[in-house]
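Structure record follows, encoded as structure tokens.
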Protein chains: 2
Amino acid sequence: MRVAVVGLGTMGAPMARHLLEAGHQVTVHNRTREREQPLAARGAARAATPREAAAAAEAVLTCVSDTPDLLAVLEGEDGAAAGLEGGGLVVDCSTVSPAETTAVAARLAERGIGFVDAPVSGGSEGAERGTLTVFAGGEEADVERARPILDAFSGRVTHLGPPGAGQVAKAVNQVMIAGTYASVGEGIALAQAAGLPADALVQALAAGAAASWVLDNRSANMIADSYPLGFKVGLHRKDLGIALDEAARHGLALAVAQLVAEQEDGLIADGHGNEDVSALARVPR
Amino acid sequence: MRVAVVGLGTMGAPMARHLLEAGHQVTVHNRTREREQPLAARGAARAATPREAAAAAEAVLTCVSDTPDLLAVLEGEDGAAAGLEGGGLVVDCSTVSPAETTAVAARLAERGIGFVDAPVSGGSEGAERGTLTVFAGGEEADVERARPILDAFSGRVTHLGPPGAGQVAKAVNQVMIAGTYASVGEGIALAQAAGLPADALVQALAAGAAASWVLDNRSANMIADSYPLGFKVGLHRKDLGIALDEAARHGLALAVAQLVAEQEDGLIADGHGNEDVSALARVPR
């Protein structure tokens, strides 16, 4: 398949690499253009703009940082939508607003362009290994067209409803991990303050109701008080903002997610925004 | 081994049953004495007081609801300590204050009686199946003496330090599950408000960073808005109080645990204190 990849950050770059390895014809574009070079060395074509990248492709995969960036690379001057022909497809792996996603999908549909929101979970490790979980929203036919692309870097693609449903699912994911990271961090802080052997404790905790991916994969870094990526605090805070907005649209107040968002604001203000989300373990110390 | 079991609640009764099935000679006592009958029917002796139960035993297993109850059954009039001879052993599976545990262990040690704090995780299902996780505190020799008792109902006994260490570990467990239950509940509430297919979403979430025991074992009840036990909100709230006190003793503020404690106070005030902790999913609805 001819696929354009726009946005070659921590997630987009390994996605493009997996697409190349799966045998797709890949054209890449990134705002900071040097990031295209390692992929060009692996066989990708380079394009000067999202529009130019899209013109060479049947489908455009976008993976950018926030809602305004998505609107710019799709619908801005030299945006990808202008380069796609009718019948084309946009697959967006960014984490952005569900409401804006629904709106942009409707505008693209008027021009005969399909849209699938396909935000991912699994972090930078999952992207590198090609084992991301995809939460997909879109028309059934569009999701089926997107599958060969998504399968290149995902171990699991779940179609959850119309355009926007994938973004709501990702928002749910970010809400659930918020309290889990924070609580595991609080527990580790208490264990260390009381002088317990943290490694043995984590093994015991992992056998019971406190078991979680966060405990399994992030407690060792919390114990070491060291927070390599993973997934940045600043990006999780952005995602929590999206989730809290979506919750408010439905009249829900999510008090734990709100509290964790405030804790992350504090971490960012203290210069920890580029650390992994597990840096929430700093808060109670 | 001759074992007295004092406290035959949701946890203590199946523990006594597993001890009988493992071939121990068991004497039981419960404040509400009718609760002794099903165990007597299985071969347990009955005792009118903790002291009388202890007099027939090499070791006393206590499983009561709170710190004052433990002090009463051990050191009150007709308490178990008065019935035990020097060289005897107390194994406490209650969840109580780490500081009080350290103090009572020291008082028993002066009388030549060993003490192991052995709070458990795994809930009523784990007690029924005999697969509880035990967090043990105590002198090495005492923990070894307690193992044949604990092995009857536990799949994993982890010795974490001197008397009190088991209770701190349990406090850590209760802190970690607090935010996890609350966050899974917030996520489920958001998913349902937005009209996502919750069962498919949970399967997708469980493959990524949101994976947890709570998601695996309690999200279906949250989706159904039905909260059978499990583990009571009221007891988890009591445990969070112990954990927050222990944290404060070390100068730590655990903001998420504190928030969840307040949410549980609200649930209890609204008449939901006897539901499972997963009733935290009621809060954002």
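Straight-line reach from B:Lys232: which lysines have a Cα under 21 Å away, not including same-chain ones fewer than 8 places off?
B:Lys170
Suppose all protein chains stay in the model; what accessible area per residue would a 1.4 Å probe give for chain B, in Å²? Walk me through the numbers before you get to the answer.
Numbers: 10060 Å² over 285 residues.
Counting only protein heavy atoms, the per-residue value for chain B is 35 Å².
In the stretch A:2-162, what % of DSSP beta bridges are antiparallel (nearest 5)?
Of those bridges, close to 10 percent are antiparallel.
Report the Cα centroid-to-centroid distance between the stretch A:118-192 and the stretch A:52-84 in angstrom, as an integer.
Result: 22 Å between the Cα centres.
Would you mind giving the mean number of other chain beta-carbons within 10 Å of the Cβ of each residue in B:245-251, as a whole number?
Mean partner-chain Cβ count within 10 Å for B:245-251: 3.
If a/c stays under 1.5 just call it rounded; otherwise compare a/b with b/c (prolate if a/b is bigger, oblate if not). Do that for the protein assembly as shown, with a ≥ b ≥ c from the square roots of the Cα gyration tensor eigenvalues.
prolate
Using each residue's phi in the stretch A:48-64, evaluate 6.51 cos²θ - 1.76 cosθ + 1.60 at θ = phi - 60° and report the 3J(HN,Hα) Karplus result to the nearest Hz, with x for Gly and Pro.
These are the phi-based 3J(HN,Hα) values: 7, 9, x, 4, 5, 4, 5, 4, 8, 10, 7, 9, 10, 9, 10, 8, 10 Hz.
Provide the FRET efficiency to the nearest 0.05 for the A:Arg2-B:Asn217 pair, computing r from the beta carbons and using R0 = 45 Å.
That gives a FRET efficiency of 0.50.
Using amide H atoms built in the peptide plane, which far-off residues or other-chain residues are under 5 Å from B:Val90 H to H?
Here B:Val60, B:Gly114, B:Phe115, B:Val116 satisfy the definition.
Would you mind giving the total buried accessible surface between chains B and A, with a 1.4 Å probe and ligands, DNA and RNA left out, rounded to the nearest 100 Å²? Walk me through the numbers before you get to the answer.
Working: alone 12410 and 12400 Å², together 20100 Å².
So the total buried area for this chain pair works out to about 4700 Å².
For the stretch A:1-84, run through the trypsin sites (Lys or Arg not before Pro) and keep only the ones in DSSP coil with at most 16 other Cβ atoms within 10 Å of their Cβ.
A:Arg31, A:Arg42
Under a plain spin-label model, where a point goes 7 Å from the Cα along Cα-to-Cβ, how far apart in nm are A:Thr32 and B:Glu110?
A separation of 6.7 nm, rounded to one decimal place.
I'd like the accessible area for A:Cys63, computed on protein heavy atoms only with a 1.4 Å probe and all protein chains in place. Round to 10 Å², please.
20
Any chance you could look up the accessible area of A:Leu229 with a 1.4 Å probe, heavy atoms only, rounded to 10 Å²?
90
Sum -39500 (n - 2.57) across every DSSP H segment of at least 4 residues in chain A, then divide by the residue count to get the 222 nm mean residue ellipticity, nearest 500.
Computed mean residue ellipticity for chain A: -15500 deg cm²/dmol.
For chain B, give me the percentage of DSSP beta bridges that are antiparallel, rounded to the nearest 5 percent.
15
If you restrict to DSSP beta bridges whose two residues both lie in the protein assembly as shown, what percentage is antiparallel, to the nearest 5? Show your work: numbers first, answer last.
Numbers: 9 of 59 bridges.
Percent antiparallel among DSSP bridges in the protein assembly as shown is about 15.
Ordering B:Met11, B:Met1, A:Met176 by how much accessible area each has at a 1.4 Å probe, largest first, what is the list?
B:Met1, B:Met11, A:Met176
Find how many whole Å separate the alpha carbon centroid of the stretch B:19-40 from the alpha carbon centroid of the stretch A:193-260.
42
Go through the stretch B:116-127 residue by residue and turn each phi into a ³J(HN,Hα) via Karplus (6.51, -1.76, 1.60, θ = phi - 60°); whole Hz please, and just put x for glycine and proline.
Values per residue, Gly and Pro as x: 10, 8, 9, x, 10, 10, x, x, 5, 4, x, 5 Hz.
Which whole-number percent gives the relative contact order of chain B, counting Cα pairs below 8 Å spaced six or more residues apart? Could the numbers behind the result be given before it?
Numbers: 552 pairs, mean separation 39.6, N = 285.
Value for chain B: 14 percent.
The values are calculated or read from the model by the stated rules, or taken from the named source; none is laboratory data. Note that the structure is a prediction, hence the values are computed from the model and not measured. Cβ sites come from the backbone with ideal geometry, for glycine too, and all protein chains shown count toward neighbours. Surface areas here come from the heavy atoms of the whole protein model, side chains and all, with no ligands, DNA or RNA. Shrake-Rupley method; radii C 1.70, N 1.55, O 1.52, S 1.80 Å.
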